[in-house]
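Shown next, in structure tokens, is the structure this report addresses.
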Amino acid sequence: MHTSPPATVEGEAHQNPALLHHFATEEQQKNAASLGMWIFLITEIMFFGGMFCAYLVYRFWYFGDFAAGSSSLNLTLGTVNTIVLIGSSLTVAMAVRCAQVGKQKAIVVYLLLTLILGLAFLGIKAKEYKDKFDEHHIPGEAAFHLEGHVPRHPDIPVNQQHAQIYFSLYFAMTGMHALHMIIGVGLFMFLTYKAHKGVYRPGYYTPLENSGLFWHFVDIVWIYLFPLLYLIDRHP
Amino acid sequence: MANNVDALYIFLLVVSAMMTALIFTMVVFFAVRYRKRPGQPAEQIDGSHALEITWSVIPFCVFMVFFGWGAALYFRERRPPQTSAEVYTVAKQWMWKFEHMEGQREINELHVPVGRDVKMIMTSQDVIHSFYVPAFRIKQDVLPGRYTVAWFHPTKPGTYHLFCAEYCGTMHSGMIGSVVVMEPKDYEAWMGGGGSQPLAVTGEKLFAELGCVTCHRSDTQGRGPNLVGLFGKPVLLEDGRSVAADENYLRESILQPTAKIVNGFKPIMPTFQGQISDEQLNALVAYVKSLGQPANPAAGRNLATATTQP
Amino acid sequence: MATAVLETGERETYLNREYGIKSWLLTVDHKRIALLYLMGITFFFFVGGFFALLIRLELLTPAGDLVQADTYNKLFTMHGQVMIFFFLIPAVPAVLGNFLIPIMIGAKDLAFPRINLLSWYLYIIGGILMVYTILNGGVDTGWTFYTPLSTEFLKTNVVTAALAVFVSGFSSILTGLNFIVTTHRMRAPGMTWNRLPLFVWAHYATSIIQVLGTPVVAIAIVLVALERVLHLGIFNPALGGDPLLFQHLFWFYSHPAVYIMILPGMGIISEIVCCFSRKRVFGYKAMALALLGIAVVGFLVWAHHMFVAGISLYAALIFSFLSYFVAVPSAIKVFNWTSTMYKGSITYQTPMLYAFGFIGLFTIGGLTGLFLACLGIDVHVTDTYFVVAHFHYIMVGGMVMAYLGGMHFWWPKISGRMYPEGWGRLAALLVFVGFNLTFFPQFILGYMGMPRRYWDYSHSPEFQILNVLSTAGATILAVGYLLPMIYFLWSMRYGKPAPDNPWNATGLEWMIPSPPTTYNFEEQPVVTWEAYNYDEVDKRREEVPVAH
């Protein structure tokens, strides 16, 4: 049961400036914020889900061309990015931990590290996009051409239309992901500023925790995107 | 067939009318009978499990009758008889183009004889349209890039409205025509005046002109599979799957030959996408269907009506 | 109980606490946000209604002689988009839900007041995009945006229309999120789940749909916009794509969307029927479960919009079968409302008249849904006026009547004024008569074979008489809708001041002043009674005639 305890008119409101007026207790506020973030993440799952659905359908139909498209991606950069992003989730978790135990300065350090890693991810992504631009792998452009053949089928040339669908989904999915990363970076800049001001402490780190959830979610989306986009039919 | 749809409709109408009357009557009756009267407070009733179950289960059973009857009709409606006469249809903004197997071409008007099943094999040149003949109680969306199928059995001579039923742009409401059902002898007369080439013969000529015949020989020496007797049979692909060789399979094989590679053959067939029109494609499909079949342009063995997505 | 008094001597309420445009545009008070929404949805209702009137005027004669074909196509497209995304989906949740849910559960506000304000801004931005689309030449894709028509073949403002829908979708998602968290975390002590008003349950179920379904149409719309701008091929068969994929993604949301539109209305009807029958609802648990059941099963039936679209025979069978499942909880609700009236003590104020209308018309609308779920019949009537009549019976005969009933019921609480009861009843009658005259003939038209979205039907003059009847009904309906607009505005200045509880209804909202103060409650209530305890309420007070 999550009914709130009777509110006191005086009392808690004065003790914690972060307690908003319509909540009776800090615990109620924290629980509400957490539930809100989890529900928001579920909506994000549904949002990305539509694209994953499209991806599943077309990958099933055009497997060879998808594999060809996939093998044109830079596996090194993709792997580095994956490590970078997982690393940034680690630094986020560390930042939350530091807030829980009251290590104020360390919070800022970890948040800055998160930002650096997040920006690194975006930078590498930008490089990958530029590569695609240079190689004429942008779907819808007149000069699009994915040269070569379906992996392990030297006699089947790549179907350019199907390859463009692969790249459409590649850009749509990684682009939407990158957009969420950018939002995350903005969010964490704000958090870093607040942390620097000493706002987060063992009794109050909800924004940090919930933003961390968001960041972890964006990380998890990438963990799905990476094998689905980069590792189709790859063999050593 | 249309009569069956009407019978089901009337059944639903009667049940619905009864249900509506029941609810309306009860609401009005209660509103009057239990109008606020001094000294007569409302009687609180929490509910009744028995009633809830009853009025869930009984309607559900009735619904299942609706479902079952409707499904049975739909099964028949989606499966043209194998002996249907075929009419290839190309829909485009904003007209209907028909081609009979005997070669007659019509625009917006479709002549058919009474008493013979007709199967429409349809595709669109541009957007989604829908082939709708209210009098026959049939409707089927017509899609670009693939065939969809509808069929009917005309029972009464007359002229019947044909409507496009899927919004397709400016002149959607102008994309109309008629199905003209004629007595058999009138139909023969209409068919005879014209001297057009049967669709399968057109296809045969194209088959040669486009070079198909060089690889698809009627023996086992060709670099492509032998197409005689292919239509309607299952085909084993090189990845182990087995698919039915229906109209959509033939269409795809011409436009996207590397999509499904037949077991034991190399993916060397060039694509004809962009090089042939929908009408030429129809002719080729009609020709391949006729290979190995008894010489009757009106007949065509067919398995599934169309490959479809879930 | 200390009530704050202003310098003018008036009692302080949420309306007069602060004046000035900034106090409204930067408010976080859920009640003020509800009124901000009310202005928006009223505006869009009349915009959409205006388009409808033009459509009906065109259809008076078989020939397309009022407007051009392209204009007509824009009219029905924008009528649909405006009505669905900018009226039906937000109306009850964002106006009545926003206003009432915190009060009904004993809270000072929603869980996230600032996100509530953000929701409104997103709605307005979406609305501005929609108005821009309309003024910049309109859009003619049909509200369903089917590809490849919308991506490849039209030169109108498809992208801005798509963006308008996309942005307003986020408004809907955030409102749903807010309601779910509020219901879970903000209930006053003693307000257990089993004591919640069904209005709250209805919005809870609605919010689940909003939160899970809307993102899918959002991404579908984004992909359409991208495809159009960048000439991708995701939905274009000429480039290897599949138009049916769009339809699946679109309807995966748009079918549950119709439940977003109707469930809040059902919540309203439960409140009204109980109050004006002076009875607890019959089968409280069943009613709450039915709401949740509709929300869940509603996600499983989307392809019943695609029976003739080219899906497989077996898929069609499954979706038809499941569609019959979702009809059962709706039927239960109708039976339970009717049973609630049994042995009640019924009066006929305007809200109750709308409730009567709702029960009747929703029944008809729901029954005709059974026709559409039936595969054999759907083949004939899909894409015809039969479908148009079906969904208008539910949306207009159901939802709009519920909305109006709710507005009348809670108007005293919201505004502190009574509306004129005589005019209220007249309007309800006009709406009921006008509605049936408008839409019943359309069932017949549909079975006769008149396709929808037809500008011109001169090839079938036999359709005319029914179209004329329909248009006549529409004019009566328009008057019925204008009347409340006029007298609600009138009442804000000249209406009788409303007591705290003009209807002697149960529910926390009736225990606070009309209109409420900004923070709703002086002290947080502690709930010790069950929902709809009309027996206790009626025993406690003397038999005072209810204000007429």
Restricting to the stretch C:488-528, give me the number of residues that are surrounded by fewer than 19 Cβ atoms within 10 Å (Cβ to Cβ) and either acidic (Asp, Glu) or assigned to a helix (DSSP H, G or I) (or both). 9
Within 24 Å of C:Gly97 (Cα to Cα), more than 8 Å from every other protein chain (Cβ to nearest Cβ) and either in a helix (DSSP H, G or I) or at pLDDT 95 or above (or both): does that describe C:Ile394? yes
Of the conditions (1) at pLDDT below 75; (2) within 14 Å of another protein chain (Cβ to nearest Cβ); (3) in contact with a helix residue (DSSP H, G or I) (Cβ under 9 Å, 6 or more places away or on another chain), B:Met269 fails just one. Which one is it? (1)
Identify, please: which residue in the stretch B:23-52 is within 55 Å of the chain's Cα centre (by Cα), at the interface with chain C (Cβ under 7 Å from one of its Cβ atoms) and more than 20 Å from C:Gln349 (Cβ to Cβ) and is, among those, surrounded by the fewest Cβ atoms within 10 Å (Cβ to Cβ)? B:Asp46
The helices (runs of 4 or more DSSP H) lying wholly within the stretch C:67-164 that contain at least 2 residues that are more than 16 Å from C:Gly176 (Cβ to Cβ), open to solvent by 30 Å² or more (accessible area, probe 1.4 Å) and more than 14 Å from every other protein chain (Cβ to nearest Cβ) are C:113-135
So B:Glu209 passes all but one of these: (1) in contact (Cβ under 8 Å) with a residue 12 or more places away in the chain; (2) open to solvent by 70 Å² or more (accessible area, probe 1.4 Å). Which condition number does it fail? (1)
If you go through the stretch C:456-463 one residue at a time, do you hit one that is away from chain B (no Cβ under 14 Å), surrounded by 15 or more Cβ atoms within 10 Å (Cβ to Cβ) and in contact (Cβ under 8 Å) with a residue 12 or more places away in the chain? no
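Conditions (1) in contact with a Leu (Cβ under 7 Å, 6 or more places away or on another chain); (2) at pLDDT 95 or above; (3) closer than 25 Å to C:Pro215 by Cα; (4) away from chain B (no Cβ under 14 Å), marked per residue:
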position: C:Phe250; (1), (2), (3), (4): no, yes, yes, no
position: C:Tyr253; (1), (2), (3), (4): no, yes, yes, yes
position: C:Pro256; (1), (2), (3), (4): no, yes, yes, yes
position: C:Ile269; (1), (2), (3), (4): no, yes, no, no
position: C:Val273; (1), (2), (3), (4): no, yes, no, no
position: C:Ser277; (1), (2), (3), (4): no, yes, no, no
position: C:Ala286; (1), (2), (3), (4): no, yes, no, no
Can you pull out the residues in the stretch B:213-241 that are open to solvent by 20 Å² or more (accessible area, probe 1.4 Å) and either small (Gly, Ala, Ser) or not in a loop (DSSP other than H, G, I, E, B) (or both)? B:Val213, B:Thr214, B:Cys215, B:Ser218, B:Pro234, B:Leu236, B:Gly240
Looking for something hydrophobic (A, V, I, L, M, F, W, C), surrounded by 22 or more Cβ atoms within 10 Å (Cβ to Cβ) and in contact with a Lys or Arg (Cβ under 8 Å, 6 or more places away or on another chain) - is there at least one such residue anywhere in the stretch C:317-338? no
Would you mention how many residues in the stretch C:233-268 are among the aliphatic types (A, V, I, L, M), open to solvent by 10 Å² or more (accessible area, probe 1.4 Å) and more than 31 Å from the chain's Cα centre (by Cα)? 2
Considering every residue within the stretch A:22-33, establish whether at least one is outside any loop (DSSP other than H, G, I, E, B), free of Cβ contacts under 8 Å to residues at least 12 places away in the same chain, out of contact with any Asp or Glu (no Cβ under 7 Å at 6 or more places or on another chain) and buried (at least 19 other Cβ atoms within 10 Å of the Cβ). yes
Which of the numbered conditions does C:Val537 fail, given that it passes all the others? Conditions: (1) touching a helix residue (DSSP H, G or I) at 6+ places or on another chain (Cβ under 6 Å); (2) assigned to a helix (DSSP H, G or I); (3) hydrophobic (A, V, I, L, M, F, W, C); (4) within 11 Å of another protein chain (Cβ to nearest Cβ). (1)
From the set of residues in the stretch C:321-368 that are of a type in the set (S, T, N, Q) and free of Cβ contacts under 8 Å to residues at least 60 places away in the same chain, which is farthest from B:Arg35 (Cα to Cα)? C:Ser323
Determine which member of the set A:Met51, A:Met46 is open to solvent by 20 Å² or more (accessible area, probe 1.4 Å), within 8 Å of chain C (Cβ to nearest Cβ) and of a type outside the set (Asp, Glu). A:Met46
Taking the stretch B:1-16 and keeping residues facing another protein chain (nearest Cβ under 9 Å), within 20 Å of B:Phe60 (Cα to Cα) and open to solvent by 40 Å² or more (accessible area, probe 1.4 Å) leaves B:Leu13
The condition of being of a type in the set (Val, Ile, Thr), closer than 20 Å to A:Gly50 by Cβ and in a helix (DSSP H, G or I) holds, among A:Ile182, A:Ile165, only for A:Ile165
Residue under question is C:Ala331, and the condition is that it be under 20 Å from the mean Cα position of the chain (by Cα), more than 7 Å from every other protein chain (Cβ to nearest Cβ) and either of a type outside the set (D, E, K, R) or farther than 30 Å from B:Ala165 by Cα (or both); does it hold? no
Of everything in the stretch C:231-246, what is within 9 Å of chain B (Cβ to nearest Cβ) and in a helix (DSSP H, G or I)? Give them in sequence order. C:Pro237, C:Ala238, C:Pro243, C:Leu244, C:Leu245
Does at least one position in the stretch B:242-251 carry a residue that is over 26 Å from C:Leu375 (Cβ atoms), within 14 Å of chain C (Cβ to nearest Cβ) and crowded, with 21+ Cβ neighbours inside 10 Å? yes
Could you list, in sequence order, the residues of the stretch A:130-153 that are touching a Gly at 6+ places or on another chain (Cβ under 9 Å) and without any contact (Cβ under 8 Å) to a residue 12 or more places away in the chain? none
Within the bounds of the stretch C:38-52, is there any residue that is among the polar types (S, T, N, Q), farther than 18 Å from C:Arg452 by Cβ, at pLDDT 95 or above and open to solvent by 10 Å² or more (accessible area, probe 1.4 Å)? yes
Only residues that are surrounded by 15 or more Cβ atoms within 10 Å (Cβ to Cβ), closer than 20 Å to C:Gly310 by Cα, without any contact (Cβ under 8 Å) to a residue 40 or more places away in the chain and of a type outside the set (D, E, K, R): list them for the stretch B:56-95, please. B:Phe67, B:Ala71, B:Tyr74, B:Val87
Residue satisfying condition, being under 21 Å from A:Gln161 (Cβ atoms) and modelled with pLDDT of 90 or more, within set B:Asp246, B:Asp239, B:Asp278: B:Asp278
Residues C:Ile221, C:Ile208: which one is out of contact with any Pro (no Cβ under 6 Å at 6 or more places or on another chain) and open to solvent by less than 10 Å² (accessible area, probe 1.4 Å)? C:Ile221
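The values are calculated or read from the model by the stated rules, or taken from the named source; none is laboratory data. Please read all numbers here as calculations on a predicted model, not as lab measurements. Every residue, glycine among them, receives a Cβ derived from its backbone with ideal geometry; neighbour counts consider all protein chains shown. What goes into the accessible areas is simple: the full protein's heavy atoms, side chains included, and nothing from ligands, DNA or RNA. Shrake-Rupley method; radii C 1.70, N 1.55, O 1.52, S 1.80 Å.
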